[in-house]
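Here the structure comes first, spelled out in structure tokens, and everything after it is commentary.
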Amino acid sequence: MSFFTAKPSWPLSLFVKQYWAIDNCVPIGDEYIQRIVPNGLMELTFYLDSKPTSLDDHKSIEDRALISGHLKSYYDISITGTLSMFSVTLLPFGVGMLLNLPADEIYDHNVPLKYLLPEISCRLKDSLYEANSFDERVSLTEKCLMALYGSKSQSYEMKRIIDSVHLIKNSKGSVQVDDLSDAACLSRKQFERTFLNLIGTTPKQFLKTVRFQNSIHIKQIDPSANLTEIAYCSGYYDQAHMINDYKSLSGLTPGQYFKECDPFSDFFDN
């Protein structure tokens with residue numbers, strides 16, 4: 001298996017977290033099941049060979065070029081044969097900065113890029129397929145995203161919501177919605193409506209995801225941490241609260257999750 005990562009250049013780093021790619025081959029007749037959980041980020045994904053199959057009909061993988069919105073809960077994908085993919089991990093507000101549409105329209109869905117950016121979908125998908133290296137694919141993608149970003153203007157509302165996302169990250173998901181709305185100089189209803197439109201999920205759901213990701217990050221940096229310590233440090237009321245969130249977001253209890261999945265937080269990983 002080959003795995004590659006790269007950081008975006010300026011100013012794309014304002015809304016792109018990283019580029020990554022994987023090339024893997026599952027032995028003939030075998031199947032690999034990967035669980036996808038909410039991570040507070042969005043994804044622009046290109047499948048350059050066979051594409052996986054979603055085991056959830058509501059999150060189908062219909063095309064080889066997709067934009068994935070914020071997730072509400074987990075789902076599984078089945079991988080067989082050769083998997084070759086190139087992906088752009090977008091920051092929580094990435095789609096809001098790139099596309100002129102309410103981000104909540106792609107909430108909890110994998111949407112074919114051709115429906116949102118048909119010209120870019122066709123041109124970039126073909127270019128990535130023909131590229132000879134990961135670095136070349138990064139360069140091609142950056143040129144495309146730079147042209148798209150340069151044609152957009154950032155609204156004052158977006159700047160407020162970006163600040164809110166930074167407050168949420170810095171607090172590791174342990175901040176109240178009322179405090180966020182006050183900091184944004186908006187009423188709670190105005191804040192919730194604007195956040196949903198520009199981020200693509202409600203503040204409450206996003207906070208839940210960030211808190212979940214922080215608990216994973218705690219285990220990632222300290223494998224010896226027990227569940228009581230993780231719950232306390234993650235801002236959960238108690239272990240029961242953490243267990244409920246884990247079941248909702250991953251389908252597993254915390255103990256099961258840490259036993260079956262590598263503790264790695266996409267959101268908090270630098």
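Read-outs throughout are calculated quantities, based only on the coordinates presented, and are distinct from any laboratory measurement. In this text, all values refer to a predicted model and were calculated from it rather than measured experimentally. Every residue, glycine among them, receives a Cβ derived from its backbone with ideal geometry; neighbour counts consider all protein chains shown.
What the Cβ-Cβ distance of His166 and Glu105 gives, at R0 = 25 Å and to the nearest 0.05, is a FRET efficiency of 0.55. Summarised as an ellipsoid, the stretch 13-96 has semi-axes of 23, 15, 10 Å, derived from the eigenvalues of the Cα gyration tensor scaled by 5 and square-rooted, with the largest first.
Extension gain for the segment Trp10 to Asp76, taken as residue separation times 0.36 nm less the Cα-Cα distance, is 20.3 nm to one decimal. Once the C-beta distance of Cys233 and Ser139 is scaled by a Förster radius of 41 Å, the resulting FRET efficiency is 0.50 to the nearest 0.05.
Applying the Kirkwood pairwise sum to the alpha-carbon positions of the stretch 29-74 produces a hydrodynamic radius of 11.9 angstrom.
Taking a Cβ cut-off of under 10 Å around Gly235, the surrounding Lys, Arg, Asp and Glu residues balance to a net charge of +2, with basic ones at +1 and acidic ones at -1. Applying 1/(1 + (r/R0)^6) with r as the Cβ-Cβ distance of Gln154 and Tyr129 and R0 = 41 angstrom yields a FRET efficiency of 0.80. Gyration tensor over the Cα atoms of the chain: the corresponding equivalent ellipsoid has semi-axes (square roots of 5 times the eigenvalues, largest first) of 29, 25, 16 Å. Each of Asn244 and Cys185 was given a label point 7 Å from its Cα along the Cα-to-Cβ line. The distance between the two points is 3.7 nm. In this structure, the pairs whose alpha-carbon distance is over 27 Å, taken from Lys114/Lys247; Lys7/Lys247; Lys17/Lys172; Lys189/Lys219, are Lys114/Lys247; Lys7/Lys247; Lys189/Lys219. All C-alpha to C-alpha distances of the stretch 172-270, sorted into 10 Å bins beginning at zero, yield P(r) values of 16, 44, 27, 13, 1 percent in whole numbers. Charge dipole (Cα centre; +1 on Lys/Arg Cβ, -1 on Asp/Glu Cβ; no other charges) of the chain amounts to roughly 660 debye. Screening the chain for DSSP H helices whose Cα atoms reach 20 Å or more along their own axis and whose mean Kyte hydropathy is at least -1.0 gives 134-150, 156-170, 203-221.
Please check the chain for the longest run free of chymotrypsin sites (Phe, Trp or Tyr not before Pro) that are loop-located per DSSP (anything but H, G, I, E, B) and have at most 16 other Cβ atoms within 10 Å. Within the chain, the longest run free of exposed chymotrypsin sites (Phe, Trp or Tyr not before Pro) spans 1-236.
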